[in-house]
Amino acid sequence: PQLSRLTLSSGTCLRSRSLRHWPALAQTTLTVVLWWLVLTPLITYQLRGTPGAADFRRFNFSPFLLTVHLFNLPVAAVEFVASDVSLRPFDLWISLVFALVYLCFYLYVLDRNDVHLYIILTPRTAACFLVYSLIIGLFVAAYCGWNAALS
């Protein structure tokens, strides 16, 4: 998420404030929501009573994972609110384009090279359509939620 903001911030032709701030906030919001409200409870439930449960807790609360899966959200939110940008429908489309580009990169580059960072993005299950649809819905919900928070 922050990489997309930094990339766009450095480009001379892409100086739109909404292009620099909203995609990072949208992606960070989804990361936090999916990790802490969906994946962490599922993984914790699956590992309950096993030796892997303590390993997962240690991994989940490591400084790196806390930064990537939690602390980026307040940073992106403060930066977005401080930018004084009001959201427009164009911003939603931009965040969906970022998500689509990332999904294509994940599926056609990482997944094909056996780099499986996100098990929920795997195309090898019948539930992948449901997961991809959920992610689009979460982008819309994040857009509506942040837009309401800014109003």
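The values are calculated or read from the model by the stated rules, or taken from the named source; none is laboratory data. The model shown is predicted, which means the values in this text are computed figures rather than measured ones. Neighbour counts run over all protein chains shown; Cβ positions are idealised from the backbone, glycine included. Ligands, DNA and RNA are stripped out before the accessible areas are found, and what is left, the full protein with its side chains, is counted by its heavy atoms. Shrake-Rupley method; radii C 1.70, N 1.55, O 1.52, S 1.80 Å.
Here are a few things to note about the model shown:
- Overall form of the stretch 84-142 per C-alpha gyration tensor (a/c, 1.5; a/b vs b/c): prolate
- Computed with a 1.4 Å probe over protein heavy atoms only, the accessible surface of the chain comes to 61 Å² per residue.
- Each part gets one Cα centre, and for the stretch 34-69 versus the stretch 84-107 those centres are 27 Å apart.
- Assigned charges on the beta-carbon of Lys, Arg, Asp, Glu; the chain dipole about Cα centre (debye): 40
- Summing +1 for each Lys or Arg and -1 for each Asp or Glu among the other residues whose beta-carbon sits under 12 angstrom from that of ASN147 gives 0.
- Percent carbon-and-sulfur accessible area, the chain, ignoring ligands, DNA and RNA, probe 1.4 Å: 72
- Gaussian network model of the chain, springs between alpha carbon atoms under 10 Å - residue of SER95, SER83, SER62 with greatest fluctuation: SER62
- Simple label model, 7 Å out from Cα along Cβ direction - VAL68 to ASP55, nm: 1.7
- Here the chain is treated as an ellipsoid with the same Cα gyration tensor; its semi-axes, largest first and in whole Å, are 28, 18, 15.
- Residue-averaged 222 nm ellipticity for the chain, from DSSP H runs of 4+ at -39500 (n - 2.57), nearest 500: -20500 deg cm²/dmol
- Cα Rg, Dmax, the stretch 58-112, angstrom units: 15.1, 41
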